[in-house]
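For reference, the structure discussed in these notes is given below.
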Amino acid sequence: MVERLDARGMSSEEVVARLRRPGGFLSPEVRDAARRIVEAVRARGDEALLEYTERFDGVRLDRLRVPHKEIETSRAALPAELVESFQRAFENVRAFHEHELDRSWEMSRTGATLGQWVRPLRRVGVYVPGGHGAYPSTLMMAAIPARVAGVREICVCAPPGPDGRVSSRVLAVAGLLELDEVYPVGGAQAVGAMAYGTEAIPHVDKIVGPGNDYVTAAKLEVFGAVGVDAPQGPSEVVLIADASAFPERVARDLLAQAEHLSGASAILLTPHAGLIEDTAPLLSGEPAELVTLVRVQDIEQAVEISNLYAPEHAHVICEDQEAILEDLEAVGMVAVGDMSPVALGDYGAGPSHALPTGGTAVWASALGTHDFTARTNYIHYTSDALASFGPHVECLARLEGFENHARSVAVRLRRG
């Protein structure tokens, strides 16, 4: 049943407390289980991978790397219309991330040269989830920004199906993207393998990609040994609409994100009772149970609630949408206007659909080329520049009690 909430007499904080939040705090049981799996893989390598895959996926793997021929066969079997759709999406995603790419820079002032080198990570791991189905779009949304950033090696892990094979659709996209390193391993054990390496799977520098609670917990366990991306849990959308919105389109937008199930959340915020009354009858089926229709006092309250909730997606369908966009703060991606359904972003409008969830959009960002690069700062002072600034460094170092810091400068400022 669709949930309704009248927020006109409530504070925005009270409303957010009432709204359904996907996922949430990982239970101690999940954290402990993920820790044990990761440590077992670290200690016993491939043996542990095979054991956990048989226990959790019900298959005994006969190999731990997908043969190149199997990837090529899947790519060749992809229907022409799907190849065309994927290629168009690839083009959009590549163009967007080429534009956002950080580049090395240098500046000079008062005799000192300062700068930053931006370099790609050498090797990254992409986790492609299974669960309700196969998600080749997830591979696309992670691998393309990594390639644009200049990453040389991309390792892909995905849970095997009942036949012990990775989904042919995922393999087909791997082929289209010229990715040759794919492993039929999922869950926390895949994260452990990518983080620490096994006989079959060399370790990576960073792991990206969404997964269930065990995958998320495992990524938290290995953080520090490798880099990890921002948390990516169940899907969520906040749709802010006024009387100009079409009920049937609003209903479809809400159901689209609720369709992910597994704790997804789809929320309509509108001051117009008529939109709620006209939309509610159009919501049916299992996804409708994950929809909340909220009547707010005005659009200003809707924006305030969205900022506090910090959703993965926000969709704004309002006549004065430009003013609203200026006030939206914490959100992974914003879809602007009636002709911009969130599904466009899910399947290749341009930005990666790997977005922060669970309120982490307050501090986290969408996956992008910045996740696949590292920055190195550098300084190059001339003798004149050191003479100008060095005495100040001596002063500040001695203030903090670091005499040798001060002397490392002073020894270069001696005259004669």
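Annotation: of all residues in region 67-125 being of a type in the set (Ser, Thr, Tyr) and more than 30 Å from residue 389 (Cβ to Cβ), the one that is nearest to the chain's Cα centre (by Cα) is 85. Residues in region 206-251 that are β-branched (Val, Ile, Thr) and under 20 Å from residue 35 (Cβ atoms) were compared, and the one that is surrounded by the fewest Cβ atoms within 10 Å (Cβ to Cβ) is 226. Looking across region 337-372 at every residue that is in contact with a His (Cβ under 8 Å, 6 or more places away or on another chain) and of a type in the set (Val, Ile, Thr), the one that is farthest from residue 135 (Cα to Cα) is identified as 369.
Checking each residue in region 166-205 for being surrounded by fewer than 20 Cβ atoms within 10 Å (Cβ to Cβ), more than 21 Å from residue 83 (Cα to Cα) and over 18 Å from the mean Cα position of the chain (by Cα) picks out 196, 197, 199, 200, 202, 203. Please enumerate the residues belonging to region 300-322 that are in contact with an Asp or Glu (Cβ under 9 Å, 6 or more places away or on another chain) and farther than 17 Å from residue 237 by Cβ. Matches in region 300-322: 300, 304, 319, 320. Would you tally the residues in region 23-72 being under 15 Å from residue 194 (Cα atoms), of a type in the set (Val, Ile, Thr) and in contact with an Asp or Glu (Cβ under 8 Å, 6 or more places away or on another chain)? Result for region 23-72: 1.
Bear in mind that the values in this text are calculations on the coordinates, not laboratory data. For clarity, every value in this text was computed on a predicted model and none was experimentally measured. Cβ sites come from the backbone with ideal geometry, for glycine too, and all protein chains shown count toward neighbours.
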